[in-house]
Amino acid sequence: MAQYTAEVSWLRGEQDFLGHRYSRRHLVRLDGGLEIPASSSPHVVPPPMSDERAMDPEEAFVASLSSCHMLWFLSIAARGGFVVDRYRDCALGVMGRDPDGRMAMLTVTLRPRVDFSGDRMPSPDQLARMHHQAHEECFIANSVKTEVRCEPVQDASP
């Protein structure tokens, strides 16, 4: 069983926390060492308390689905003998209220454009089947219904 980690860190500094005048900018450190500036979405918390240039959780969710689909698609195309030269997806996530009235990512629409080369080109039907199979195999798409647990760690200091 594989495990993945992400460390999320934020420091208040001198900001007015109780007055809600604190930056939502934080740092995400992935298990490979990559550090990504992150923030709340400017659609949720207006600037300057949010940083529009940083990744927000909603963008990360949409990107994760898009990236997973692409990686599966590339593998499926290679196994099928199709040469992919370029893959570009302008994915779109739509946030709104779910049937229980909670804010949720209601839909994520992947809009991949794939350029092929070589002697073998997929038919429109083969292309659709490859995308369908990539969707079925995508770990992230299969995880959207995953239980999310919160297990706070108690601070040992007094």
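The values are calculated or read from the model by the stated rules, or taken from the named source; none is laboratory data. For clarity, every value in this text was computed on a predicted model and none was experimentally measured. A quick note on method: Cβ atoms are made from the backbone with ideal geometry, for glycine too, and the neighbour counts reach across all protein chains shown.
Summary table below
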{"item": "Residues that are in a strand (DSSP E or B) and either under 17 Å from Cys68 (Cα atoms) or not assigned by TED's automatic domain parsing to the domain that holds Phe73 (or both), drawn from region 89-104", "result": "Asp89, Leu92, Gly93"}
{"item": "Test: Arg86 is under 30 Å from Gly118 (Cβ atoms), of a type outside the set (A, V, I, L, M, F, W, C), at pLDDT 95 or above and part of a strand (DSSP E or B)", "result": "yes"}
{"item": "Residue within region 8-30 that is out of contact with any Lys or Arg (no Cβ under 7 Å at 6 or more places or on another chain), in a loop (DSSP other than H, G, I, E, B), under 22 Å from Glu136 (Cα atoms) and modelled with pLDDT under 95 present", "result": "no"}
{"item": "Sole residue being assigned to a helix (DSSP H, G or I), over 25 Å from Glu7 (Cα atoms) and of a type in the set (Asp, Glu), chosen from Asp115, Asp125", "result": "Asp125"}
{"item": "Boolean, Leu30 is assigned by TED's automatic domain parsing to the domain that holds Ala134, of a type in the set (A, V, I, L, M) and without any contact (Cβ under 8 Å) to a residue 60 or more places away in the chain", "result": "no"}
{"item": "Residue in region 114-131 that is of a type in the set (D, E, K, R) and either touching a Pro at 6+ places or on another chain (Cβ under 7 Å) or loosely packed, with under 10 Cβ neighbours inside 10 Å (or both) present", "result": "yes"}
{"item": "Long-range neighbours under 6 Å by Cβ, at least six apart or interchain, first residue under 16 Å from Asp51 (Cβ atoms) and not assigned by TED's automatic domain parsing to the domain that holds Phe139 within region 1-19, second modelled with pLDDT of 95 or more and of a type in the set (A, V, I, L, M, F, W, C)", "result": "Val8/Val28; Ser9/Leu27"}
{"item": "Of residues in region 89-108 being small (Gly, Ala, Ser) and under 16 Å from Ala141 (Cα atoms), the one surrounded by the most Cβ atoms within 10 Å (Cβ to Cβ)", "result": "Ala91"}
{"item": "Val62 in the same structural domain as Pro112 (by TED's automatic domain parsing) and either at pLDDT 95 or above or in a helix (DSSP H, G or I) (or both)", "result": "yes"}
